[in-house]
Amino acid sequence: MIVERALIAVQPGSEADFEAALRQARDVVAQAKGFRSLRVTRGIESPSTYLLLLEWDTLEDHTVGFRESDLFGQWRALIGPYFDGAPAVEHYTPID
């Protein structure tokens, strides 16, 4: 299992719209092979910033299976219009 960390800044003033779109996008990513879970948190000091933690069976399930699929296009079409710059994405391996 791997954890994907996506730090997303949204355009100030669009937070409610982004959150509504993200609820729809959650259903899209949940269809991807290897998807396990999605957790979303909103910044306190920076309320236009969101931290998404996604769990995948393998790195390739995210980087190839999802990112190269039609599902990714649907996901990005829903939430992408609210981005204020490119998301910062990294992957992690649990150590325990």
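Values quoted throughout were computed directly from the atomic coordinates according to the rules given, and no laboratory measurement underlies them. None of the values given here were measured: they were computed from a predicted structure. For neighbour counting, all protein chains shown are included, and Cβ atoms are generated from backbone atoms with ideal geometry for every residue, glycine included.
For the reader, a short list of remarks on this structure follows.
- Filtered by the rule that a residue be of a type in the set (A, V, I, L, M), within 16 Å of PHE83 (Cβ to Cβ) and surrounded by 15 or more Cβ atoms within 10 Å (Cβ to Cβ), region 30-69 gives VAL40, LEU52.
- Listed conditions (1) under 24 Å from THR63 (Cβ atoms); (2) without any contact (Cβ under 8 Å) to a residue 12 or more places away in the chain are all met by GLY43, apart from (1).
- The single condition among (1) surrounded by 13 or more Cβ atoms within 10 Å (Cβ to Cβ); (2) of a type outside the set (Phe, Trp, Tyr); (3) out of contact with any Phe, Trp or Tyr (no Cβ under 6 Å at 6 or more places or on another chain) that VAL10 does not satisfy is (3).
- Output for region 56-96, where each listed residue is without any contact (Cβ under 8 Å) to a residue 12 or more places away in the chain and of a type in the set (Gly, Ala, Ser): GLY73, ALA77, GLY80, ALA86
Yes/no per residue for (1) more than 22 Å from TYR92 (Cβ to Cβ); (2) within 12 Å of the chain's Cα centre (by Cα); (3) aromatic (Phe, Trp, Tyr):
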{"residue": "MET1", "(1), (2), (3)": "no, no, no"}
{"residue": "LYS33", "(1), (2), (3)": "no, no, no"}
{"residue": "ARG36", "(1), (2), (3)": "no, no, no"}
{"residue": "SER46", "(1), (2), (3)": "no, no, no"}
{"residue": "LEU51", "(1), (2), (3)": "no, yes, no"}
{"residue": "PHE66", "(1), (2), (3)": "no, yes, yes"}
{"residue": "ASP70", "(1), (2), (3)": "yes, no, no"}
